[in-house]
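Below is one structure, written out as structure tokens; the observations come after it.
Values in this text are rule-based calculations from the coordinates and carry no lab data. None of these values were measured; they are calculated from a predicted model. Please note: Cβ atoms are built from the backbone with ideal geometry, for glycine as well, and neighbour counts cover all protein chains shown.
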Amino acid sequence: MKKILFISLLLIAGFGFWLMQSAKTPSHFGAAFAAETPLVSMQQAYGETDKFMNAPVVMQGKITRQCPSSGCWFYLDDASGKQVKIELGHMGIKFPQWVGRSAKVEGRLLQTKDGLELVGTGAEFF
């Protein structure tokens, strides 16, 4: 009986450790980030729009709003006072609701009537 209890406790502890590690591990979707793609802040993107327009960039920030049905789009805020809409719907993946978490996205920056939009090719959530 003691042996069964010990094995059960060991399995529960192992599962708990695995769960904690997997929660800390970033979740990556889509293509791997290219090493040469520059990390661009929201302030840079809005300040030097012509330089970054339709070019591959990486943007990082906190998710402030997200598509309620499939999570396919969200807004990133990097605390500079600017936000960029991230579009991932074309990837065909249903994303969990991650409002409040951080994300890093690589893609092409576009100008829309509502502001800047990053059409992502890869995304990492952490």
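Odds and ends about this structure:
- Spin-label model distance (nm) - K62 vs T112, 7 Å beyond Cα toward Cβ: 2.3
- Using 0.36 nm per residue and subtracting the Cα-Cα separation, the extra length available between Y46 and L5 on full extension is 8.8 nm.
- Candidate values (1) 2, 12, 22, 22, 16, 11, 8, 5, 2, 0; (2) 2, 8, 9, 11, 16, 16, 14, 11, 7, 4, 2, 1, 0; (3) 2, 11, 19, 20, 15, 9, 5, 5, 4, 4, 3, 2, 1, 0, 0, label of the one derived for P(r) over Cα pairs in 5 Å bins from 0, in percent: (3)
- Estimated vicinal HN-Hα couplings, Hz - the range 59-70 in sequence order (Karplus 6.51, -1.76, 1.60; Gly, Pro = x): 10, 9, x, 9, 6, 9, 8, 8, 3, x, 8, 10
- Temperature 20 °C, viscosity 1.002 mPa s: under these conditions the Stokes-Einstein estimate for the range 74-113, based on its Kirkwood radius over C-alpha pairs, is 182 µm² per second.
- Angle in degrees between helix 2-24 and the longest Cα principal axis of the chain, rounded to the nearest 10: 10
- Per-residue HN-Hα couplings for the range 83-97 [Karplus 6.51, -1.76, 1.60; θ = phi - 60°; Hz; x = Gly/Pro]: 10, 10, 7, 10, 10, 10, x, 5, 6, x, 10, 8, 9, x, 6
- Neighbour counts of other Cβ atoms within 10 Å put E117, E106, E36 in the fewest-to-most order E36, E117, E106.
- Residues with amide H under 5 Å from that of I86, placed H, sequence gap 5 or more: F74, Y75, L76, L118
- Whole-Hz ³J(HN,Hα) from phi, Karplus 6.51 cos²θ - 1.76 cosθ + 1.60, for the range 121-126, glycine and proline x: 10, x, 9, 10, 10, 8
- The aspartates and glutamates within cross-link reach of K85, meaning a Cα-to-Cα straight distance under 13 Å and a gap of 8 or more places when in the same chain, are D77, E106, D114, E117.
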